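One structure below.
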Amino acid sequence: MAVSEEEGAPLVRTVDLTREYRRGPHTIRALDGLNLSICEREFLCLTGPSGSGKSTCLNLIGGLDRPTRGQIMVEGREITQLDENELAAYRRQRVGFVFQVFHLIPTMTALENVEFPLIFARVGARRRRAKAESLLEQVGLAERMDHRPTELSGGEQQRVAIARSLVNDPALLLADEPTGNLDSRTGGEVMELLARMNEEQGLTVLVASHDPAIVAFAHRVIRLLDGRLVESCRHLIGHR
């Protein structure tokens, strides 16, 4: 099935997306012919039990893995056809990642962690510093920029990770269980931050989580089971 590139096409579209893994003599199908569209400025939540294919879907859309078959179109570009260098550039320039584990560099301050991706983009030191400072202010860490990860709470570390994910102005933010290592109150604050980024800055957000509390923040909820889409529902505007 071909993907249409007509005007008004979604920001992201997957067609018959399938990912299989070999485990000894067995084939495990993590995603099974997934067809999914994500509109620009949408906040979409993938939910379902462990092993339903949520993380696999994010990894494929984010260019961290390649499908066994199927297509992934992002901004009208078929990323499944990119070579390794093109795929690395796609990940660096068009996608922001937030994970359950914060992946901050422990020897760097919050400011240096947020700046770090801009070094690979060959952005000058003064501009890097200004961009990182602005993002840390936006996530409420203006007073914590010079602190290292061990001096920050879990919620503060995740805010640093979110700021870092946005430093290259991505078209799409992918968040895999972003509240998984946080208590419910702190997790709610992190989700409020992502919702605000979506509403105020137009950031397109795709979150994967089995936490039912996260569902309340999404415009649309997609439920996966055994690698297949089994339910899609849209929330009313103003539900937050």
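No value in this document is a laboratory result; all are computed from the given coordinates. The shown structure was predicted, so the numbers you read here are calculated from the model rather than taken from an experiment. We place every Cβ from the backbone using ideal geometry, glycine too, and count neighbours over all the protein chains shown.
For residues in segment 31-43 being in a strand (DSSP E or B) and surrounded by fewer than 22 Cβ atoms within 10 Å (Cβ to Cβ), which is nearest to the chain's Cα centre (by Cα)? Talk me through it step by step, then tell me what you get.
Taking segment 31-43 first, the residues in a strand (DSSP E or B) are 31-38, 43.
From the residues that got through so far, the ones that are surrounded by fewer than 22 Cβ atoms within 10 Å (Cβ to Cβ) too are 32-33, 35-38.
Details: D32: 21, G33: 21, N35: 18, L36: 15, S37: 15, I38: 13 Å.
Per the criteria, the residue is I38.
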> Hey, R91 hits all of (1) basic (K, R); (2) part of a loop (DSSP other than H, G, I, E, B); (3) closer than 23 Å to A30 by Cβ but one; which does it fall short on?
Replying inline: (2)
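To keep it simple, each residue is scored yes or no on (1) of a type in the set (V, I, T); (2) crowded, with 20+ Cβ neighbours inside 10 Å.
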{"site": "L111", "(1), (2)": "no, yes"}
{"site": "V114", "(1), (2)": "yes, yes"}
{"site": "R128", "(1), (2)": "no, yes"}
{"site": "E133", "(1), (2)": "no, no"}
{"site": "E137", "(1), (2)": "no, no"}
{"site": "A142", "(1), (2)": "no, no"}
{"site": "L152", "(1), (2)": "no, no"}
{"site": "Q158", "(1), (2)": "no, yes"}
{"site": "A161", "(1), (2)": "no, yes"}
> Which residues, counting only those in segment 72-99, are in contact (Cβ under 8 Å) with a residue 60 or more places away in the chain and either more than 30 Å from E151 (Cα to Cα) or buried (at least 18 other Cβ atoms within 10 Å of the Cβ) (or both)?
Replying inline: I72, M73, V74, E75, G76, E78, R94, V95, G96, F97, V98, F99
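Any chance segment 76-85 includes a residue that's of a type in the set (S, T, N, Q), part of a helix (DSSP H, G or I), over 19 Å from the mean Cα position of the chain (by Cα) and closer than 30 Å to D32 by Cα?
If we filter segment 76-85 for residues that are of a type in the set (S, T, N, Q), which is where we start, we get 80-81, 85.
So of that shortlist, the ones also part of a helix (DSSP H, G or I) come out as 80-81, 85.
Now drop any that are not over 19 Å from the mean Cα position of the chain (by Cα), which leaves 81, 85.
Checking which are closer than 30 Å to D32 by Cα leaves us with 81, 85.
Yes, because at least one residue in segment 76-85 is of a type in the set (S, T, N, Q), part of a helix (DSSP H, G or I), over 19 Å from the mean Cα position of the chain (by Cα) and closer than 30 Å to D32 by Cα.
Could you pull out the residue among E200, E192 that is more than 17 Å from the chain's Cα centre (by Cα) and of a type in the set (D, E)? Steps first, answer last, please.
Values: E192 fails: more than 17 Å from the chain's Cα centre (by Cα).
That would be E200, the only listed residue that is more than 17 Å from the chain's Cα centre (by Cα) and of a type in the set (D, E).
Considering only segment 161-191, state which residues are part of a helix (DSSP H, G or I) and touching a residue at least 40 places away in the same chain (Cβ under 8 Å). It would help to see each step written out before you state the result.
So the first thing to find is which residues in segment 161-191 are part of a helix (DSSP H, G or I), and the list is 161-165, 184-191.
Across segment 161-191, the qualifying residues are A161, I162, A163, R164, S165.
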> Do we have any residue at all in segment 133-147 that's free of Cβ contacts under 8 Å to residues at least 24 places away in the same chain and over 22 Å from the mean Cα position of the chain (by Cα)?
Replying inline: yes
